[in-house]
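The values are calculated or read from the model by the stated rules, or taken from the named source; none is laboratory data. All values derive from a computational prediction rather than experimental measurement. All Cβ positions, glycine included, derive from the backbone under ideal geometry; neighbour counts span all protein chains shown. Accessible surface is based on the protein model in full, side chains and every heavy atom, while ligands, DNA and RNA are left aside. Shrake-Rupley method; radii C 1.70, N 1.55, O 1.52, S 1.80 Å.
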Amino acid sequence: MRADELIRKLSRNHQLNKEEWICLFENRSEQSDRLLWKLADEVRRAHFGNKVYKRGLIEFTNYCKNDCYYCGIRRSNVAASRYRLSEEDILSCCKEGYRLGFRTFVLQGGEDGAYQEADIVRLVSAIRKNYPDCAITLSIGEWDRSSYQKFFDAGANRYLLRHETANKAHYEKLHPESMSFENRMRCLADLKEIGYQVGCGFMVGSPYQTSETLAEDFMFIQEFRPAMVGIGPFVPHHDTPFKDETKGTVSLTLFCIGLLRLTLPYGLIPATTALGTISPTGREQGIQCGANVVMPNLSPGTVREKYELYDNKICTGEEAAECASCLEQRMESIGYEIVVDRGDSPLIQMEAKT
Ligand code: SAM
Ligand code: FES
């Protein structure tokens, strides 16, 4: 089947089989890309109008016990200058974020042993108490099911844990032996069962990625049906084993964003900072190709450049208010509006009504 026929089929059925996905990645053309982005924009407008949701990202620690080969804050990077925000620091980021109209706080960090289960529970409880009308998203890696349950009971609503790749052999090329594909998948299943709005995702153009592994990513996503999917280009970091690998492209990232929109019409899909890093208009293009979320940084200016996952990461020089208004202007310039809203998954809202 031709790429444009496969795109129309995906738009109708929201799924393809593995051979069809591979065929799509191998046979895309300028013409089929244009069709995809047109359909993706129509679907997104049908469900979300011109609304874009914003999430306030608080990168609260760059200590990490893991050693992912692609990541600039991996344990073995002795050149990384480490920091950890206190609970008080984090609460003041939330305070400023709330004032700026954020109704979702995303707490992201490395797997920092100094932040133990009880600390996260205390932190989530404090944010929940101060901001009952806000969503709390955690993005703090792999934990036991019982910890995930305690964070949820303390008031966390959403969890972002990229699956990174749905192909086990590929996963093992991106991570050391101490990490396992099975555990990653176990975490995602547990999170969903507990009741979180779950986000998975992957890097576009990660080393050893092929049309087949991408096909498997989409097979996984169409089956798992996450509320959110975060994707962005892989960008090398100069102090990692992947320093000489090629970065992901804008074109393939936008292609994947369009495919995600057709696979998950109601999905929450961010136009990521990594996409804005490889192209000055990357985030605007991401929205135009089907994304509906932006994640301005609320971390204090003093630590921002230390959360260096990859080289030349943007938005490390600004303060929260500048970052938020810069993105607001960028979205307005292309006819979209960032709204003051928790931006829950419409699927969760529909389930709640039935
Ligand atoms: N520790 C948490 C976790 O593992 O989910 C959250 C932090 S982790 C740094 C967040 C995401 O950053 C990863 O899931 C990965 O996909 C992305 N990332 C890391 N290094 C990257 C790179 N060099 N280029 C692009 N994205 C990267
Ligand atoms: Fe842990 Fe990247 S290796 S956050």
Output the number of the condition that Ile136 fails; it satisfies all remaining conditions of (1) closer than 21 Å to Gly301 by Cα; (2) away from ligand 2 (no atom under 14 Å from the Cβ); (3) within 20 Å of the chain's Cα centre (by Cα).
-> (1)
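Residues are listed down the side, and each one gets a yes or a no for (1) away from ligand 1 (no atom under 14 Å from the Cβ); (2) touching a Leu at 6+ places or on another chain (Cβ under 7 Å):
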residue: Val229; (1), (2): no, yes
residue: Pro236; (1), (2): no, no
residue: Thr240; (1), (2): no, no
residue: Thr253; (1), (2): no, yes
residue: Leu298; (1), (2): yes, yes
residue: Glu305; (1), (2): yes, no
residue: Lys313; (1), (2): no, no
Restricting attention to region 234-248, does a residue exist that is outside any loop (DSSP other than H, G, I, E, B) and buried (at least 19 other Cβ atoms within 10 Å of the Cβ)?
-> no
Can Gly230 be described as part of a strand (DSSP E or B) and in contact with a strand residue (DSSP E or B) (Cβ under 6 Å, 6 or more places away or on another chain)?
-> yes
Go over the candidates Leu138, Leu123 one by one and state the one that is within 11 Å of ligand 1 (Cβ to nearest atom) and open to solvent by less than 10 Å² (accessible area, probe 1.4 Å).
-> Leu138
Of all residues in region 307-352, which are buried (at least 17 other Cβ atoms within 10 Å of the Cβ) and within 16 Å of ligand 2 (Cβ to nearest atom)?
-> Tyr307, Glu308, Leu309, Tyr310, Lys313
Taking region 66-99 and the residues there that are in a loop (DSSP other than H, G, I, E, B) and open to solvent by 40 Å² or more (accessible area, probe 1.4 Å), the one that is farthest from ligand 2 (Cβ to nearest atom) would be Ser86
Restricting attention to region 291-330, and to residues there that are assigned to a loop (DSSP other than H, G, I, E, B) and of a type in the set (A, V, I, L, M), which single residue is nearest to Ser76 (Cα to Cα)?
-> Leu309
Within region 38-65, tally of residues that are more than 16 Å from ligand 2 (Cβ to nearest atom), over 17 Å from Thr272 (Cβ atoms) and not in a loop (DSSP other than H, G, I, E, B) = 10
Residues that are in a loop (DSSP other than H, G, I, E, B) and touching a residue at least 24 places away in the same chain (Cβ under 8 Å), drawn from region 120-151 | Tyr131, Asp133, Cys134, Ile140, Gly141, Glu142, Trp143
Checking Asp190, Asp144, Asp119 in turn, the sole residue that is more than 18 Å from Ile58 (Cα to Cα) and touching a helix residue (DSSP H, G or I) at 6+ places or on another chain (Cβ under 8 Å) turns out to be Asp190
